[in-house]
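One structure is given here, and the rest of the page talks about it.
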């Protein structure tokens with residue numbers, strides 16, 4: 001097998017569907033890929049096991065069949081799918097040095113990665129609205145967020161997240177790719193592939209910018225506005241203990257928002273203002289952005305949510321009474 005950096009593709013080859021691309025893993029550390037795979041495998045195991053546990057607890061405990069936990073289940077499903085979408089190519093590279101990936105497989109992986117990123121942001125927006133209703137309109141909570149409306153909300157968010165990505169990916173079919181088909185990561189990203197195109201890529205650049213502003217911008221603005229109203233409502237509460245109790249119900253959600261948005265902002269800043277920095281910085285930021293939320297979200301909700309924490313402790317020590325864990 002020839003290494004990716006020795007393979008050049010004819011720029012006149014228009015059959016992009018039959019093209020092969022090459023994922024690099026972590027360039028310059030190929031000899032250490034086997035050792036690097038250990039922390040990656042650990043993160044994947046923690047993420048998949050943690051989110052599976054959250055889903056199992058919510059499914060089996062009737063007391064958790066409430067809108068807040070339905071949205072948490074959506075978040076866990078999204079996180080688990082995100083881990084599974086990058087797992088195959090990452091482990092193939094680190095374990096077997098298999099860097100080749102076909103165009104259609106690469107585009108499929110792009111679709112899942114980008115759609116799931118949008119879905120994660122959308123679910124966090126829905127969870128912010130849930131906290132807004134619970135704190136600002138507690139008497140109407142059960143009538144506003146009925147199980148049916150929660151399901152419909154989830155379906156709308158899923159449709160919105162998946163419908164925005166195909167135009168970007170379909171447009172790749174018309175681009176010629178010339179030179180080395182080397183991608184910079186252990187998985188396929190649209191912005192990584194588009195830089196290899198030997199054509200005017202204005203459409204992808206403008207469309208990508210537009211949906212980042214319209215979707216990520218709207219989601220982040222919605223979350224901020226929700227917390228402005230929440231803070232205004234909480235500050236009107238006379239008792240300090242009640243204020244802290246109300247804010248404590250938002251703590252896990254705020255942490256989940258930070259876990260998603262801080263790496264995302266960092267990755268965007270690196271792509272736009274540190275283009276000439278070491279490729280390792282770009283690779284590390286992309287890995288953090290995709291790996292950290294699935295790993296940390298289950299930990300955050302296990303620590304900060306009493307009902308989830310008690311159920312996990314009950315699973316780990318079923319012979320002890322619930323009162324022991326309080």
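The values are calculated or read from the model by the stated rules, or taken from the named source; none is laboratory data. Keep in mind it's a predicted model, so treat the numbers as computed, not measured. As a convention, Cβ positions derive from the backbone with ideal geometry for all residues, glycine included, and neighbour counts pool all protein chains shown.
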task: Can you tell me which residue among 263, 298 is assigned to a helix (DSSP H, G or I), touching a residue at least 60 places away in the same chain (Cβ under 8 Å), within 29 Å of residue 46 (Cβ to Cβ) and touching a helix residue (DSSP H, G or I) at 6+ places or on another chain (Cβ under 8 Å)?
output: 298
- prompt: What number of residues within the stretch 31-44 are farther than 8 Å from residue 94 by Cα and more than 21 Å from the chain's Cα centre (by Cα)?
  reply: 4
- prompt: Does at least one position in the stretch 230-246 carry a residue that is closer than 30 Å to residue 176 by Cα and either surrounded by fewer than 15 Cβ atoms within 10 Å (Cβ to Cβ) or under 23 Å from the mean Cα position of the chain (by Cα) (or both)?
  reply: no
query: So residue 206 fits all but one of (1) in a helix (DSSP H, G or I); (2) closer than 30 Å to residue 158 by Cα; (3) touching a helix residue (DSSP H, G or I) at 6+ places or on another chain (Cβ under 9 Å); what number is the exception?
result: (3)
query: Cβ-Cβ below 8 Å, separation at least six or inter-chain, first residue in the stretch 301-312 and on the phi > 0 side of the Ramachandran plot, second modelled with pLDDT of 85 or more and crowded, with 18+ Cβ neighbours inside 10 Å: which pairs?
result: none
- prompt: Quick one: how many residues across the stretch 145-190 are assigned to a helix (DSSP H, G or I) and crowded, with 16+ Cβ neighbours inside 10 Å?
  reply: 12
message: Going through 116, 87, 124, 91 one at a time, which residue ends up being touching a residue at least 60 places away in the same chain (Cβ under 8 Å) and part of a helix (DSSP H, G or I)?
response: 124
- request: For the stretch 67-84, indicate whether the set of residues that are over 30 Å from residue 316 (Cβ atoms) and assigned to a helix (DSSP H, G or I) is non-empty.
  value: no
message: Taking the criterion of being out of contact with any helix residue (DSSP H, G or I) (no Cβ under 7 Å at 6 or more places or on another chain), closer than 30 Å to residue 153 by Cβ and either in contact (Cβ under 8 Å) with a residue 40 or more places away in the chain or in a helix (DSSP H, G or I) (or both), would at least one residue in the stretch 94-102 satisfy it?
response: no
Lone unmet requirement of (1) more than 23 Å from residue 270 (Cα to Cα); (2) part of a helix (DSSP H, G or I); (3) in contact (Cβ under 8 Å) with a residue 24 or more places away in the chain; (4) out of contact with any helix residue (DSSP H, G or I) (no Cβ under 6 Å at 6 or more places or on another chain) for residue 199: (2)
field: Residue check for residue 126: surrounded by 13 or more Cβ atoms within 10 Å (Cβ to Cβ), at pLDDT 95 or above and closer than 30 Å to residue 250 by Cβ
entry: yes
task: Run residue 269 past the list (1) within 26 Å of residue 48 (Cβ to Cβ); (2) within 21 Å of the chain's Cα centre (by Cα); (3) loosely packed, with under 14 Cβ neighbours inside 10 Å and report the number of the one that doesn't hold.
output: (1)
query: Looking at the stretch 275-294, which of its residues are more than 24 Å from residue 30 (Cα to Cα) and modelled with pLDDT under 75?
result: none
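Mind checking which residues of the stretch 234-251 are over 20 Å from residue 124 (Cβ atoms), touching a helix residue (DSSP H, G or I) at 6+ places or on another chain (Cβ under 8 Å) and either modelled with pLDDT of 85 or more or in a helix (DSSP H, G or I) (or both)? Give the derivation first.
Quick first cut of the stretch 234-251, residues over 20 Å from residue 124 (Cβ atoms) only: 235-245.
Subsequent filtering for residues that are touching a helix residue (DSSP H, G or I) at 6+ places or on another chain (Cβ under 8 Å) retains 235, 237, 243.
Across the stretch 234-251, the qualifying residues are 235, 243.
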